[in-house]
Amino acid sequence: QVQLVESGGGLVQAGGSLRLSCAGSGRTFSRYTMGWFRQAPGKEREFVGFITWSTITYYASSVKGRFTVSRDNAKNTVFLQMNSLKPEDTAVYYCAARSDLVGATTSAQYGYWGQGTQVTVSP
């Protein structure tokens, strides 16, 4: 069982940066693949990026080169560094955990979710 709590959201101007954190519980946190997803108003939840236990990362094309996922297993924490933010990045951002060593890009493949944190990017 894993419990996840996101933090770090807020309001930022276009071109700015934010760093989201996701604190997890559980002694086996390091063996989980951790994903980030986002959901804008009126839209479906979409994949942002993931990091595996071996720190392999993968990103959606819309954020590649601007967002970076990292993890600190000693602190049971995953990060999403977001640079060059655009108004279209505005959404509620969720972290998710998958008890599998292989990464995944669909929300149905993740069994544990945080409550989400709002990111708003103004023009």
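The values are calculated or read from the model by the stated rules, or taken from the named source; none is laboratory data. On a predicted model such as this, the values are computed, not experimentally measured, just so you know. Neighbour counts run over all protein chains shown; Cβ positions are idealised from the backbone, glycine included. Please note that ligands, DNA and RNA were not included when accessible areas were found on the heavy atoms of the full protein model with its side chains. Shrake-Rupley method; radii C 1.70, N 1.55, O 1.52, S 1.80 Å.
For the range 56-82, give me each residue that is of a type in the set (S, T, N, Q), in contact with a strand residue (DSSP E or B) (Cβ under 7 Å, 6 or more places away or on another chain) and either within 19 Å of SER122 (Cβ to Cβ) or assigned to a loop (DSSP other than H, G, I, E, B) (or both).
ASN76
Output the number of residues of the range 39-71 satisfying the condition of being at pLDDT below 95 and under 16 Å from ALA96 (Cα atoms).
Adding up the residues that qualify gives 2.
Any residue that is at pLDDT 95 or above, more than 15 Å from TYR112 (Cβ to Cβ) and among the hydrophobic types (A, V, I, L, M, F, W, C) - is there at least one of those in the range 22-38?
no
What's the number of the condition ASN76 fails, among (1) loosely packed, with under 14 Cβ neighbours inside 10 Å; (2) touching a helix residue (DSSP H, G or I) at 6+ places or on another chain (Cβ under 6 Å); (3) of a type outside the set (Phe, Trp, Tyr)?
Just one mismatch for ASN76, condition (1).
Show me the strands (runs of 3 or more DSSP E) found entirely inside the range 1-53 where at least 2 residues are of a type outside the set (Ser, Thr, Tyr) and open to solvent by 20 Å² or more (accessible area, probe 1.4 Å). Walk me through how you get there before you give the answer.
Details: elements: 4-7, 10-13, 18-24, 33-39, 46-51.
In the range 1-53, 10-13, 18-24, 46-51 are the strands (runs of 3 or more DSSP E) which contain 2 or more residues that are of a type outside the set (Ser, Thr, Tyr) and open to solvent by 20 Å² or more (accessible area, probe 1.4 Å).
Answer yes or no as to whether GLU46 is within 11 Å of the chain's Cα centre (by Cα) and among the acidic types (Asp, Glu). Quick ask: steps written out before the conclusion?
Details: within 11 Å of the chain's Cα centre (by Cα): yes; among the acidic types (Asp, Glu): yes.
It is true that GLU46 is within 11 Å of the chain's Cα centre (by Cα) and among the acidic types (Asp, Glu).
Going by the structure shown, is TYR93 surrounded by 14 or more Cβ atoms within 10 Å (Cβ to Cβ), without any contact (Cβ under 8 Å) to a residue 24 or more places away in the chain and within 11 Å of the chain's Cα centre (by Cα)?
No: the conditions fail for TYR93.
Checking the condition open to solvent by less than 20 Å² (accessible area, probe 1.4 Å), touching a residue at least 24 places away in the same chain (Cβ under 8 Å), within 20 Å of ALA23 (Cα to Cα) and touching a strand residue (DSSP E or B) at 6+ places or on another chain (Cβ under 8 Å), which residue from GLY103, GLY114 passes?
Values: GLY103 fails: open to solvent by less than 20 Å² (accessible area, probe 1.4 Å).
Exactly one of GLY103, GLY114 is open to solvent by less than 20 Å² (accessible area, probe 1.4 Å), touching a residue at least 24 places away in the same chain (Cβ under 8 Å), within 20 Å of ALA23 (Cα to Cα) and touching a strand residue (DSSP E or B) at 6+ places or on another chain (Cβ under 8 Å), namely GLY114.
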